[in-house]
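Chemist: There's a structure below that I have some questions on.
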Ligand SMILES: Cc1cc2nc3c(=O)[nH]c(=O)nc-3n(C[C@H](O)[C@H](O)[C@H](O)COP(=O)(O)OP(=O)(O)OC[C@H]3O[C@@H](n4cnc5c(N)ncnc54)[C@H](O)[C@@H]3O)c2cc1C
């Protein structure tokens, strides 16, 4: 399980708040700020301190400051692959809204790590006539979150014969390491796998990334986008009316976590405001007032049932952030 529980912290002291405000700007550090609106699940208690970084420089300086002051901190992208605890986050949450992008004539797309993959980065690449990212249309993600989890989707219809990963087009990324050094690392450094990268345990934060794209037909790219959006709307609950964190459990090669959950008759199961959607057994939706505690209870129920009835052990793929 990817567990991002913060180390024990007393939260922000008044002295921390003064230091943060004077370095990051008056009024820019929000106190006791509810995190639910910043997650696709619409679940999560308050952060002691909340800062929105609007550039890679602001992201780096806020991280350095937290580290210097010894303040626990978490970087949030679109909050599409996390569950934030009901008691919230002690310390600082830095929401990454660093969204600058550039595209060279050679097809090198440079994006700050808070750039939103769909629609912003993909539209930018397609508009410039460069292919490689259009496969990920419809997936909620920042560039940083995409590298953290190695964003993936099926290759184009009709064959859809393999899973494509974003690392296939990654050239390199600028990282800030836990000791404050900033370096540029090529793809090999990241140790990418399915739902995996070194970012899960290294403590590095992505500041920006460069993707090598190839010249492509805009018409062909738009067709892929349309087909992939249609695929999603047929199979996934719509985020605006049925908030979710996408797939909850890791894939089980050749079998599928969703298929096992479905086999156990768990589609439609409900605990409080959390329901396993009828559309896809690996997706839980928040029916309104769902809580993180209810999601955890549903995860336990699914794991126990699937293990008892099929012998397979499911593991959550989402990150758990804060206090539950
Ligand atoms: C409806 C739906 C459908 C989905 N479909 C897919 C799919 O088809 N394929 C797929 O791969 N995923 C899918 N997902 C999962 C999700 O979209 C991806 O995991 C996405 O990459 C998460 O990005 P984020 O910016 O929201 O990251 P967040 O959820 O905000 O963060 C996830 C983790 O990444 C870390 N992180 C964020 N930014 C950085 C950074 N700059 N540097 C280092 N670490 C960072 C965070 O600290 C956290 O631990 C889906 C999710 C939803 C809700």
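Chemist: Does a label point 7 Å from the Cα of residue 308, set along Cα-to-beta-carbon, have any residues of segment 238-266 with amide nitrogen under 16 Å, and which are they?
Modeler: Counting only backbone N, you get 261-266.
Chemist: Relative to the present Cα-Cα distance, how much length would full extension add between residue 102 and residue 222 at 0.36 nm per residue of separation?
Modeler: 41.1 nm
Chemist: Still on this structure, I have one more. Using 1/(1 + (r/R0)^6) with R0 = 35 angstrom and r between the beta carbons of residue 13 and residue 34, what's the FRET efficiency to the nearest 0.05?
Modeler: That gives a FRET efficiency of 0.95.
Chemist: Would you please state the base-10 log of I(q)/I(0) at q = 0.07, 0.12 1/Å for the chain, with intensities from the Debye formula using one equal scatterer on every alpha carbon?
Modeler: Here the Debye-derived log intensity ratios amount to -0.28, -0.85.
Chemist: Next question, about the same structure. List the relative contact order of the chain as a percent without decimals, with contacts defined as Cα pairs under 8 Å and 6+ residues apart.
Modeler: Taking the mean separation of contacting Cα pairs over the length of the chain, I get 20 percent.
Chemist: Let me ask something additional. So what is the relative contact order for segment 101-233, in percent, with contacts set as C-alpha pairs under 8 Å and at least six apart?
Modeler: With pairs under 8 Å counted, the relative contact order is 32 percent.
Chemist: Next question, about the same structure. Measure out, as a whole number of angstrom, how far apart the alpha-carbon centroids of segment 163-188 and segment 228-272 sit.
Modeler: So the two Cα centres are separated by 30 Å.
Chemist: Rank-order 177-189, 123-135, 142-154 by packing density, defined as the average count of other C-beta atoms within 10 Å over each peptide's residues, highest first.
Modeler: With the highest mean Cβ count within 10 Å placed first, the list reads 142-154, 123-135, 177-189.
Chemist: While we're on this one: Where in segment 84-121 is the amide nitrogen less than 17 Å from a point lying 7 Å along the Cα-to-Cβ axis of residue 127?
Modeler: Within reach of a label on residue 127, which here means backbone N under 17 Å from a point 7 Å along Cα→Cβ, segment 84-121 contributes 99-105, 107-112, 115-121.
Chemist: When the Kirkwood radius is taken over all Cα pairs of segment 237-321, what Stokes-Einstein diffusion coefficient follows at 4 °C and 1.567 mPa s, in µm²/s?
Modeler: Translational D for this selection: 102 µm²/s.
Chemist: Another question, then. Gain in length, residue 23 to residue 194, computed as 0.36 nm per residue apart minus the alpha-carbon separation, to one decimal in nm? Let's see the in-between values first.
Modeler: Values: separation 171, 0.36 × 171 = 61.56 nm, distance 3.87 nm.
Going from the current span to full extension adds 57.7 nm.
Chemist: Determine the gain in length on full extension of the stretch residue 162-residue 57; use 0.36 nm per residue of separation and subtract their C-alpha separation, reporting nm with one decimal.
Modeler: Gain in length upon complete extension: 34.1 nm.
Chemist: Among rounded, prolate and oblate, which fits segment 1-111 when a ≥ b ≥ c are the square roots of the eigenvalues of its C-alpha gyration tensor, a/c under 1.5 means rounded, and a/b larger than b/c means prolate?
Modeler: Values: a/c = 2.06, a/b = 1.32, b/c = 1.56.
Since a/c reaches 1.5 but b/c is at least a/b, the shape of segment 1-111 is classed as oblate.
Chemist: Give the Rg (one decimal place) followed by the Dmax (whole number) of segment 48-197, computed from C-alpha coordinates and expressed in Å.
Modeler: 16.2, 53
Chemist: Based on other C-beta atoms within 10 Å, arrange 317, 68 from fewest to most.
Modeler: Values: 317 21, 68 11.
Listed from fewest to most nearby Cβ atoms, that is 68, 317.
Chemist: In addition: So what is the relative contact order for segment 237-321, in percent, with contacts set as C-alpha pairs under 8 Å and at least six apart? Please list the in-between numbers first.
Modeler: On the way: 124 pairs, mean separation 28.2, N = 85.
About 33 percent, as a whole number.
Chemist: Moving on. Given 25 °C and 0.890 mPa s, how large is the Stokes-Einstein diffusion coefficient of segment 118-239 in µm²/s, with Rh as the Kirkwood radius over Cα pairs?
Modeler: This corresponds to a translational diffusion coefficient of 162 µm²/s.
Chemist: When DSSP assigns beta bridges and you keep just the ones with both residues in the chain, what percent turn out antiparallel, to the nearest 5?
Modeler: The answer is about 70 percent antiparallel.
No lab work stands behind these numbers, since they all come straight from the coordinates. Model, not experiment: these values are computed from the prediction. Don't worry about glycine lacking a Cβ; one is built from the backbone with ideal geometry, like all the others, and counts go over all protein chains shown.
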